[in-house]
Amino acid sequence: MTADAADLTAVAGFDRPLPVVNEENAHFWRGGADGVLRFARCNACGALLHPAPVACRYCRSADLGVADVSGRGVVVGATVNHQQWDARFPTPFVIATVAIEEDPRVRVITNLIGVDVDDAHVGMRVRVRFQPVEDVWFPLFEPDGGDVDELPSDETPPDGHHRWVRPMLRTDKFEDRVAITGIGMSQIGRRLMVAPLALTVAAVKDAVADAGLTLDDIDGLSTYPGSGGEGGFGEGGVSALAETLGLRPTWYNGGSETFGPAGSVIAAMLAVSAGLARHVVCFRTVWQATFAAQQRARDPRGANPNSMMAGLGGAGRRVLGYTAPYGVGSAANHLAMCASHHFRRYGTTRETLGWVALNQRANAAVNPRAIYRDPLTMDDYLSARLVSTPFGLYDCDVPADASVAVIVSAVEAAHDLAKPPVLVEAVGTQLTERITWEQSTMTHEPHVFGPAAHLWSRTSLRPSDVQVAELYDGFTFNCVSWLEALGFCGIGEAKDFLDGGRAIARDGGVVALNTHGGQLSAGRTHGMGLMHEAVVQLRGEGGARQVTNAQVAVVSSGGLTPAGVILLRRGR
């Protein structure tokens, strides 16, 4: 057997899910039959396009064709996956994002071959090799001699998203007409084995009581992702809650194509400010920990139920998309590749991420509801088992069962309620980056720059006015991305900013980060727990974890795309 054949044999052992092949993508999946990598091409402007669209995103022409390319490119993201998401992919193995030489705006997810897993890195020049399986030729990539001097740039550089921001049409803002008046949370735990709707009811009742309202006062319901939240990802949506509690909302909302999990809160603000409702309960319920335990009990040898590949490609079924055939089993793999790019471009290190994890654990130590409260040292962090490089165990949030509820009220009705209202200063929602993860921003978590730029265009406040930052932390790198995008430090300056952890400490740093322990230590509540904690801090109810004189808090929502951000302030 030749060395080249051996390279392919190593990955041929992967029982890859086969993709659906149709007339839109056959040029990509079957191009290897004659050894040529092919992409859709705009005949009007010459741009390469992937996945194949119905119109060119750059010139909007519908005159599209197919182009042959050299098969050469540059690794712009690389991660060694150590987590067994699916038994069909023995670990460790390399997942990479490759920018195509002829048009680096086009990226493909792939596996690297002909390189030791410890030697795979961002900046490698690579060329395509094809692995045939049935009617598919999988594009894989191997080293092509050395590294590039300069990495390809994203469509819009990190400091260029302000140019896309649309200014306000009027000086009065819908944010001024709403307030946060109540918050609630169910019990939270790793595997509560409690019906998710029961958790939702507990959180909603808690929030209603906190506001001094009754359930009969609630005339709006809003949630994410709604009734489509399967696999431990939701409770059944608005209809399930309304049926259970006998509610009759005049306005309701549920869906996943919104501004991250807390997009339900922004939607509620719009409805209340327009007069469609007076008091809207927004809720988010997760029970992935219990769901995973139930699935393992039913099928101990099955795929990881928290994997994005769970249930894909079994029993001869084919899969849609371009990632599952390469072993992408989690958002961890996608975001790890972005982190690897940030490391290469800006000199970030694992210790940089470690300071985020240590900060969250220190805050969780004084939060009696946090799941993990034991001390965490940098040695503990660095020596923990790897998940998807550069992420280890403590870079990843803690799957939990919980429900969180937030009440958005008309500001006219807010001042007569049980607690001082928390006012809304601004929201950031604009989409300036591509939604498809591997085609979007590589320097940071995708979709932080648009919402951040939009937020600051709707207020005279600036990062220096913010005392508390509750930033989405499904992974440590999420926080790095949001800190830079929101301007708490410069682009690429997180390494120095986070060194030692002082700048994000609860007791007098630049900004207090994730004061309850975040999702990394307090538990994954899918962003709504961050909103809950921001309100706690602005009310001054944080107890041992309270930030002194907290007047303004920023809350980000969304771990990849889509995402949003909200700026809150203490009511006067």
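The values are calculated or read from the model by the stated rules, or taken from the named source; none is laboratory data. Since we're looking at a predicted model, the values are computed, not measured. When we count neighbours, we look across all protein chains shown, and the Cβ atoms used for this are built from the backbone with ideal geometry, even at glycine.
Residue by residue through segment 218-237, note down the ones that are at pLDDT below 95 and either assigned to a helix (DSSP H, G or I) or in contact with a Leu (Cβ under 8 Å, 6 or more places away or on another chain) (or both). Write out each step before concluding.
Looking only at segment 218-237, we keep the residues that are at pLDDT below 95, and these are 224-237.
Answer for segment 218-237, where residues must be at pLDDT below 95 and either assigned to a helix (DSSP H, G or I) or in contact with a Leu (Cβ under 8 Å, 6 or more places away or on another chain) (or both): 226, 227, 228, 235, 236, 237.
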query = If we keep just the residues of segment 260-294 that are of a type in the set (Val, Ile, Thr) and either buried (at least 23 other Cβ atoms within 10 Å of the Cβ) or not in a helix (DSSP H, G or I) (or both), which is farthest from the chain's Cα centre (by Cα)?
reply = 272
request  = Examine segment 544-556 for a residue that is closer than 17 Å to residue 284 by Cβ and either hydrophobic (A, V, I, L, M, F, W, C) or free of Cβ contacts under 8 Å to residues at least 24 places away in the same chain (or both), and state whether such a residue exists.
outcome  = yes
Criterion violated by residue 509 - all others in (1) at pLDDT 95 or above; (2) farther than 18 Å from residue 453 by Cβ satisfied = (1)
key: Selection status of residue 119, in the same structural domain as residue 80 (by TED's automatic domain parsing), in contact (Cβ under 8 Å) with a residue 12 or more places away in the chain and farther than 30 Å from residue 568 by Cβ   = no
query = With respect to residue 50, is the statement that it is surrounded by 17 or more Cβ atoms within 10 Å (Cβ to Cβ) and over 30 Å from the mean Cα position of the chain (by Cα) true?
reply = no
request  = For segment 106-155, enumerate the residues that are of a type outside the set (A, V, I, L, M, F, W, C), within 21 Å of residue 440 (Cα to Cα) and at pLDDT 95 or above.
outcome  = 107, 110, 111, 121, 123, 125, 139, 150, 152
query = What is the residue count in segment 199-217 for residues that are surrounded by fewer than 23 Cβ atoms within 10 Å (Cβ to Cβ) and either modelled with pLDDT under 95 or polar (S, T, N, Q) (or both)?
reply = 1
remark   = For segment 439-454, the count of residues that are among the acidic types (Asp, Glu) and surrounded by fewer than 24 Cβ atoms within 10 Å (Cβ to Cβ) equals 0
task = Count, please, the residues in segment 225-246 that happen to be charged (D, E, K, R) and surrounded by fewer than 21 Cβ atoms within 10 Å (Cβ to Cβ).
result = 2
ask   = Among the residues of segment 428-442, is any part of a strand (DSSP E or B), at pLDDT 95 or above and within 27 Å of residue 155 (Cα to Cα)?
value = yes
note = residue 523: passes all of (1) touching a strand residue (DSSP E or B) at 6+ places or on another chain (Cβ under 7 Å); (2) within 22 Å of residue 462 (Cα to Cα); (3) crowded, with 20+ Cβ neighbours inside 10 Å but (2)
Failed item, numbered, when residue 486 is tested on (1) at pLDDT 95 or above; (2) surrounded by fewer than 18 Cβ atoms within 10 Å (Cβ to Cβ) = (2)
remark   = When residue 40 is run through (1) over 25 Å from residue 335 (Cα atoms); (2) surrounded by fewer than 19 Cβ atoms within 10 Å (Cβ to Cβ); (3) in contact (Cβ under 8 Å) with a residue 12 or more places away in the chain, the failure sits at (2)
query = Out of segment 63-97, which residues are touching a strand residue (DSSP E or B) at 6+ places or on another chain (Cβ under 9 Å) and not in a strand (DSSP E or B)?
reply = 63, 70, 71, 82, 83, 89, 91, 92
remark   = residue 369 meets each of (1) in a helix (DSSP H, G or I); (2) out of contact with any helix residue (DSSP H, G or I) (no Cβ under 6 Å at 6 or more places or on another chain) with one exception, condition (1)
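Residue by residue, here is whether (1) more than 30 Å from residue 180 (Cβ to Cβ); (2) assigned to a strand (DSSP E or B); (3) in contact with a helix residue (DSSP H, G or I) (Cβ under 8 Å, 6 or more places away or on another chain) holds:
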| position | (1), (2), (3) |
| --- | --- |
| 376 | yes, no, yes |
| 387 | yes, yes, yes |
| 402 | no, yes, yes |
| 406 | no, yes, yes |
request  = Residue by residue through segment 165-208, note down the ones that are within 17 Å of residue 418 (Cα to Cα) and either acidic (Asp, Glu) or free of Cβ contacts under 8 Å to residues at least 60 places away in the same chain (or both).
outcome  = 205, 206
request  = Within segment 411-429, count every residue that is small (Gly, Ala, Ser) and over 26 Å from residue 456 (Cβ atoms).
outcome  = 2
inquiry  = Would you confirm, using the coordinates I've provided, whether residue 414 is at pLDDT 95 or above and either crowded, with 20+ Cβ neighbours inside 10 Å or assigned by TED's automatic domain parsing to the domain that holds residue 560 (or both)?
reply    = no
remark   = Just one listed residue, out of 416, 397, is charged (D, E, K, R) and under 26 Å from residue 357 (Cα atoms), and it is 397
task = Identify all residues within segment 60-86 that are farther than 18 Å from residue 323 by Cβ and among the hydrophobic types (A, V, I, L, M, F, W, C); write none if there are none.
result = 62, 64, 66, 67, 69, 74
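Just wondering, is there one or more residues in segment 247-259 that are under 21 Å from residue 425 (Cα atoms) and surrounded by 17 or more Cβ atoms within 10 Å (Cβ to Cβ)?
So far as segment 247-259 goes, yes, one or more of its residues are under 21 Å from residue 425 (Cα atoms) and surrounded by 17 or more Cβ atoms within 10 Å (Cβ to Cβ).
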request  = Could you look through segment 553-572, keep only residues that are surrounded by 23 or more Cβ atoms within 10 Å (Cβ to Cβ) and of a type in the set (Val, Ile, Thr), and pick out the one that is nearest to residue 369 (Cα to Cα)?
outcome  = 555
